[in-house]
Amino acid sequence: MLFLAVFCGFLAENEREHLVEHQREKRYMRSMVEDLMLDTAEFNQKFIFINRMAPVFRAATELLYNQQFSDTIIRKMYMTVPHCSVFFSLSVQDRTMSQLKSSGNLILIMNKTITDSLATYWNGLDLLNNVVIPAYDITRIEVKNISFSLFNFDYYKDNIPFFSLLNDNVSPKLLSSDKREFIKLANFISYIRWQSNVPIRQRIMNARRQATDLILVIRKNYHIK
């Protein structure tokens, strides 16, 4: 009888621990869904940015490849080209994943489909943030540096060219007449346009699809509304 009582107590304690772990697992998954929803919102914002910049990149390269720079073309350059060095970043939520890793609680997630999908998702984000976007930024810095040598930012209000307006009643002039520098700048802007519109866009699309699928799978498996 004593053995039976001890054994039943052991089973009850084991069941209680299992229930507690399952509740913790569900809390983590609810938090993960919140993170993924914030990520999808961030991805949507980046699509807006890419779509907004695409015509700016295109217009800038068309202007820079011109053989002759009239006053009208120069003014249009000032209204487009310096904007092409605007900064691009992607901010994703790693709150829940960091907690799972640092606490050693990643083993609580028993669903292998979810853990595998999360690993694929985070590997894709690591590549995006540590390889693809840094490559874009290298080109962006080249665009910025060449722009600094060709355009006089004193023509802008508050001396800030990024989506700022030109001062009233100014006739902007270029700082150089070396067409090779303008072609070089156009080449870099053409490349940054491709980088944003192909590798960055495609990888963000993949990440958004993976995040959306993960949200559905987690909600279904853990009965999260």
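Quick one: in the stretch 172-196, of everything that is in a helix (DSSP H, G or I) and among the charged types (D, E, K, R), which residue is farthest from Phe148 (Cα to Cα)?
Top of the filtered list is Arg193.
Return yes when Leu185 is modelled with pLDDT under 95, farther than 18 Å from Asp39 by Cβ and either among the acidic types (Asp, Glu) or more than 19 Å from the chain's Cα centre (by Cα) (or both) and no when it is not.
The answer is no for Leu185.
Go through (1) among the hydrophobic types (A, V, I, L, M, F, W, C); (2) farther than 19 Å from Gly124 by Cβ; (3) out of contact with any Phe, Trp or Tyr (no Cβ under 8 Å at 6 or more places or on another chain) one by one and return the number of the condition Val92 breaks.
For Val92, the failing item is (2).
State all residues of the stretch 116-131 that are surrounded by fewer than 18 Cβ atoms within 10 Å (Cβ to Cβ) and either closer than 17 Å to Ile50 by Cα or free of Cβ contacts under 8 Å to residues at least 40 places away in the same chain (or both); if no residue qualifies, say none.
Of everything in the stretch 116-131, those that are surrounded by fewer than 18 Cβ atoms within 10 Å (Cβ to Cβ) and either closer than 17 Å to Ile50 by Cα or free of Cβ contacts under 8 Å to residues at least 40 places away in the same chain (or both) turn out to be Asp116, Ala119, Trp122, Asn123, Asp126, Asn129, Asn130, Val131.
Just for the stretch 29-79: of the residues that are under 14 Å from the mean Cα position of the chain (by Cα) and of a type in the set (Asp, Glu), which one is surrounded by the fewest Cβ atoms within 10 Å (Cβ to Cβ)?
Once the filter is applied, the top-ranked residue is Glu42.
What residue, among those in the stretch 207-225 that are charged (D, E, K, R), free of Cβ contacts under 8 Å to residues at least 60 places away in the same chain and part of a helix (DSSP H, G or I), is surrounded by the most Cβ atoms within 10 Å (Cβ to Cβ)?
Filtering the stretch 207-225 for residues that are charged (D, E, K, R), free of Cβ contacts under 8 Å to residues at least 60 places away in the same chain and part of a helix (DSSP H, G or I), the one surrounded by the most Cβ atoms within 10 Å (Cβ to Cβ) comes out as Arg209.
Taking into account only those residues within the stretch 87-107 that are among the aliphatic types (A, V, I, L, M) and surrounded by 17 or more Cβ atoms within 10 Å (Cβ to Cβ), which is nearest to Asn130 (Cα to Cα)?
Of everything passing the filter in the stretch 87-107, Leu90 is nearest to Asn130 (Cα to Cα).
Closer than 30 Å to Arg219 by Cβ, of a type outside the set (A, V, I, L, M, F, W, C) and modelled with pLDDT under 95: which single residue out of Asp39, Asp71, Asp94 fits that description?
Step by step, each of Asp39, Asp71, Asp94 is checked, and only Asp94 is closer than 30 Å to Arg219 by Cβ, of a type outside the set (A, V, I, L, M, F, W, C) and modelled with pLDDT under 95.
The values are calculated or read from the model by the stated rules, or taken from the named source; none is laboratory data. Just so you know, these numbers come straight off a predicted model, no measurement behind them. No Cβ is skipped: glycine too gets one built from the backbone with ideal geometry, and neighbour counts run over all protein chains shown.
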